[in-house]
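Working notes, structure below.
Each value in this text was obtained by applying a stated rule to the coordinates, not by laboratory testing. The structure presented is a predicted model; accordingly, all values stated were derived computationally and were not measured. Methodologically, a virtual Cβ is constructed for each residue, glycine included, from the backbone with ideal geometry; neighbour enumeration extends over all protein chains shown.
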Amino acid sequence: AALKEGAARSTGVLYTGAWETEVFSSNDVVAKDDGTSINISIRSFGKDNSSGHSVSVSRMLNGFDPKKAGAEAGALAKQGVNQEQGEAGKYDVILSPMVMANILYYMSYGFSAFEVDSGMSFLIDKIGKKVGNDNVTIFDDGRMPNGFGSSTFDDEGRPTQKTDIIKDGVLKTYLHNTSTAKKFGVKPTANAGLVYPHPNNLVLERGDSNLDEMSSQVKDGVYITNVWYTRFSNYRTGDFSTIPRDAMFEIKDGKIVKSVKGLRLSDNLQHVLESIQNIS
């Protein structure tokens, strides 16, 4: 599929897994769960070291689509040829699903009551306050069908559930285990881990825009398809930077005009949430 879309070559990894989890505790908890998983990560290469990356991730074979991942990676590798050095500046950005997933992963630490209690979250003292744009709703769903982190119970044996974290831009709750819930005077959210609370399946609620519609609204911007080496200069405030990799494009007056390289993305987690204009 990648070659058909114009890639010269491809490489990647395929993981499959089957697991079984049991919990027995002194609080008379006896629970057992099992499941399977499969995921492929594929990087395709074109001329002039251009590249594209995509993935397919599923708990079941009937939700697994490696051909789609290959086609996406191959198309990006072909489109990303003739890269030019990007110019430093302040841009509107379109973030691909993989980039936003990466940012949400690191953002998820700030949702944990453990990180809040230890002074490491950008969301300290913000329950009930506006932390994002009105179109931003983020929830955790431990029982989402085909969710990669879905399970019937958390690491304390508590039945998992759906929990709204940010609703219409307002922070509703942190994620709790039994101990943090007691300390904060709230109910547990069934997000216990072996060490501290964490999301099961973190979801940014979908919007109704597509890439072409988003691009048409960008006067001076960049479309980033993948990143790596995401690091924080300040966990408490949420200041971070990350390095774009693979295909990246400059947008002028609503049109992709060229392939660019050599940029670093620097921003702040709450600024990202507040600035989201459109979601696909």
Point to revise | Estimated inter-spin distance, residue 26 and residue 168, nm [label 7 Å along Cα→Cβ] | key: 4.6 nm
**Study point:** In the stretch 35-147, lysine pairs with alpha-carbon atoms under 30 angstrom apart (chain gap of 8 or more, or interchain)
**Key:** 10
Review point. What list of whole percents do you get for P(r) of the stretch 46-189, with Cα-Cα distances grouped in 10 Å bins up to the one holding the largest distance?
Key: 10, 28, 29, 21, 11, 2
Revision key, fill the gap. Ranking 221, 177, 153 by how far each Cα lies towards the positive end of the charge dipole of the stretch 130-275 (+1 on Lys and Arg Cβ, -1 on Asp and Glu Cβ), the top one is 177
**Study point:** Pairs of Cα atoms farther than 21 Å apart, the stretch 11-117, %
**Key:** 61 percent
Practice item. Mind jotting down a quarter of the surface of the convex hull over the alpha carbons of the stretch 161-200, in square nanometres, one decimal? Key: 2.9 nm²
Check your understanding: Between the helical axis of 97-111 and the dominant principal axis of the chain, each derived from Cα atoms, what acute angle in degrees is found, rounded to the nearest 10?
Key -> 30 degrees
Practice item. Specify the inter-centroid distance of the stretch 52-76 and the stretch 204-280, based on alpha-carbon positions, in whole Å. Key: 22 Å
Point to revise | Viscosity 1.567 mPa s, 4 °C: Kirkwood-radius Stokes-Einstein D of the stretch 16-65 over Cα pairs, µm²/s | key: 92 µm²/s
Exercise for review: Check each of the trypsin sites (Lys or Arg not before Pro) in the stretch 120-178 and keep only those in coil by DSSP with at most 12 other C-beta atoms within 10 angstrom; list them in order.
Suggested key: 129
Exercise for review: Sorted from largest down, give the three principal axis spans of the alpha carbons of the chain, whole angstrom values.
Suggested key: 62, 40, 32
**Study point:** Per-selection Rg to Rh, the stretch 180-243 - Cα, Kirkwood hydrodynamic radius
**Key:** 1.11
Practice item. Scan around residue 120 for amide H atoms under 5 Å from its own, H built in the peptide plane at 1.01 Å from N, and keep only partners 5 or more places away or cross-chain. Key: none
Practice item. In debye, nearest 20, what is the charge dipole magnitude of the stretch 36-104 about its Cα centre with +1 on Lys and Arg Cβ and -1 on Asp and Glu Cβ, if you could check? Key: 300 debye
Revision key, fill the gap. Rounded to the nearest 0.05, FRET efficiency between residue 230 and residue 34 (Cβ-Cβ, R0 35 Å) equals 0.60
Practice item. Using only Cα atoms, tell me the angle between helix 66-79 and the longest principal axis of the chain; keep it within 0 to 90° and round to the nearest 10. Key: 40 degrees
Practice item. Place the peptides 174-186, 106-118 in order of packing, highest mean first, counting for every residue the other Cβ atoms within 10 Å and averaging per peptide. Key: 106-118, 174-186
Point to revise | For the stretch 124-280, the spread of Cα positions along each principal axis, largest first, Å | key: 53, 34, 29
Practice item. Would you mind computing Rg(Cα) / (2.2 N^0.38 Å) for the stretch 102-187, counting N as its residues? Key: 1.09
Study note, to complete from the structure: Stretched fully, the stretch from residue 210 through residue 239 gains (0.36 nm per residue minus C-alpha distance, one decimal, in nm) 7.6 nm
Check your understanding: Where both residues lie in the chain, what percent of DSSP beta bridges are antiparallel, nearest 5?
Key -> 90 percent
